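Each remark here refers to the structure printed beneath this line.
The numbers here are math on the coordinates, done by the rules we state, and not lab data. Everything numeric here is computed off the predicted structure, so don't read it as measured data. Reconstructed Cβ throughout: ideal geometry from the backbone, glycine too, with neighbour counts over all protein chains shown.
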Amino acid sequence: MDIASLIQSRLSETYELHRRYVNPQFVRVLEVIGFNRNYCRARGATLIDEKGREVLDFLAGFGVFNIGRNHPVVAQVIQDMLHCSAPNLVQMDVGVVSGLLAEALARITPTELNAVFFTNSGAEGVEGALKFARQATGRHKVVYCNRAFHGLTLGALSVNGNEEFRSRNEPLLPGCIPVPFNDLNALEAALSAGDAAAFIAEPIQGKGVFVPDDDYFPGVRRLCDRYGTLFIADEVQTGFGRTGRMFALNHWDVTPDILVVSKALSGGYIPLGAIITKRAIHSRVFDCMDRCFAHSNTFGQNNLAMAAGLATLDVIEQENLIDRSARLGNYLMKGLNDMAARYELLHQVRGKGLMIGIQFGPPRSLSLKTGWKLLHKMNEELFCQMITIPLLERHHILTQVAGHGLDTVKILPPLIIDTADADRFLNAMDDVLKDAHKFPGSAWTTVKNLGLRTAKTA
Ligand SMILES: Cc1ncc(COP(=O)(O)O)c(C=O)c1O
């Protein structure tokens, strides 16, 4: 099969294929917001569409491409792995490449975290972490945060703090208790009965990009220790340099009992994740030879993913991407904060490293207030489209809205971007904000029409 020719010959049918065989509602969304491009090549922070337009990727596949797209070092290692005819997934053996990646992960995490279980996704990691915590403590209650996102399988969904994902799936797992994020009193109230197996949280919440106070996670650690609860840190999105440190919890020098990682670990090539725990927790789950498969999967330790993981960790180190994430993140946040002083709709910029939320809010001036109210009355989701649509349409920069019903745009660029990329984004944002501050004006009319169109076709 000549896959390149096949892709080329059927490229124009992409959206029709998805409409017919995959997810027609998503196709409709992409068409309505004008994001229905056919991307045909990618390198680093650049996507190239069928018309040859170069798009600056400030989404990075929801945080998968920390090292940029199609990194040549990882591609070469995967090819080498394919060409060495290594035995893969023998199952009744243990493989050297998975052993090496486990060793590499143990090296970059705090010393106590040295037992690794490989998974195929973030949600699978969360499922496993919940099982490990229940088995290791003999308790079943799990405390989680409002607005949390840990994936969409049933266990992970039971600790998801967003109604739009939970609805139509109830009843979910019993004994899952929500608390507000960044609230130690609420957490203590939920843990104080001493019956919670685990508290699970993202160090920085992905939906909305909410950053906790500096004393929150040290306090979480103390409370979990006090009440015998295991602390599960979900660093699926924040891991591997995304926030300017290897792991976001490093900002506060906190070690979780169970660390869940995925997304960026394999350089975006092959699904891969890991649950990294303290050995004592692992030993309580896998506590005798009969239970050596107490938790397992088929593809978790596949050679291609393992090799991609080793290569990706090497690239992160060799290219000094963690420092770069911190530096470019500060640069972008400073630029955006300068804009917040000039544009009244831009209320707050929050984040760490290259995980940044740009929060909009009600304006002070009368005319803009009218536009803001009109739009929000039509649809809570509309305002940010006024930012993300022209960013792509006019400036060829791909971004996303930070979550349902939020007036927040989120940027997650690859960590390899440079100051020219950051300047391109800041200039584009400035241009888009200038337009958004003219009411009445074409920017408001465009999203109003979009709202009317979606209401009609819903
Ligand atoms: C923090 C967090 N946890 C878990 C997940 C689920 O990962 P996956 O989509 O690989 O199942 C995500 C995905 O966005 C995430 O951001």
For the range 1-48, shape from the Cα gyration tensor axes a ≥ b ≥ c, cut at a/c of 1.5 then a/b versus b/c, turns out oblate
Report the extension gain between Leu6 and Glu50 in nm, rounded to one decimal, defined as 0.36 nm multiplied by the number of residues separating them, less their alpha carbon distance. 14.3 nm
Nearest-ten-degree value, helix 96-108 long axis tilted from longest Cα axis of the chain: 70
Stretch gain in nm, segment Glu170-Asp215, where the contour uses 0.36 nm per residue and the Cα spacing is subtracted: 12.8 nm
Kirkwood hydrodynamic radius for the chain: how many Å is it when counted over pairs of different Cα atoms? 23.4
Let me have the 222 nm mean residue ellipticity of the chain computed from DSSP H runs of 4+ only, each contributing -39500 (n - 2.57), with the sum over all residues rounded to the nearest 500. -13500 deg cm²/dmol
Place the peptides 240-248, 7-15 in order of packing, highest mean first, counting for every residue the other Cβ atoms within 10 Å and averaging per peptide. 240-248, 7-15
Please give the helix 303-318 orientation as an angle from the longest Cα principal axis of the chain, in degrees from 0 to 90, rounded to the nearest 10. 70
Which FRET efficiency value, to the nearest 0.05, is calculated for Ser296 and Ala189 with the Förster distance at 41 angstrom and r the Cβ-Cβ distance? 0.65
To the nearest 10 degrees, how steep is helix 366-378 against the longest Cα principal axis of the chain, on a 0 to 90 scale? 60
What would the Debye equation give as log₁₀ I(q)/I(0) for the range 72-318 at q = 0.08, 0.10, 0.14, 0.17 Å⁻¹, counting only Cα atoms as equal point scatterers? -0.29, -0.46, -0.90, -1.29
Selected from Phe231, Ile177, Phe26, residue furthest toward positive end of dipole (the chain; charges at beta carbon): Phe26
Label model pair Lys369, Asp423: point-to-point distance (7 angstrom along the Cα→beta-carbon line) in nm is 4.0
So, with points 7 Å from each Cα along the Cβ direction, the Val94-Phe62 label distance in nm works out to 3.2
What does a probe at Leu152 reach in the range 166-180, counting residues whose amide N is under 13 Å from the point 7 Å along Cα→Cβ? 166-169
Once you have a ≥ b ≥ c as the square roots of the Cα gyration tensor eigenvalues for the range 295-363, tell me rounded if a/c is under 1.5, and otherwise prolate or oblate according to whether a/b is larger than b/c. oblate
Report the far tail of the P(r) of the range 1-121, meaning the percent of Cα-Cα pairs longer than 25 Å. 49
Heads up, the range 208-326 by the C-alpha gyration tensor (a ≥ b ≥ c square roots of eigenvalues; a/c under 1.5 rounded, else a/b over b/c prolate, else oblate) looks oblate
What's the FRET efficiency of Asn449 with Glu112 using the Cβ-Cβ distance as r and R₀ = 41 Å, to the nearest 0.05? 0.15
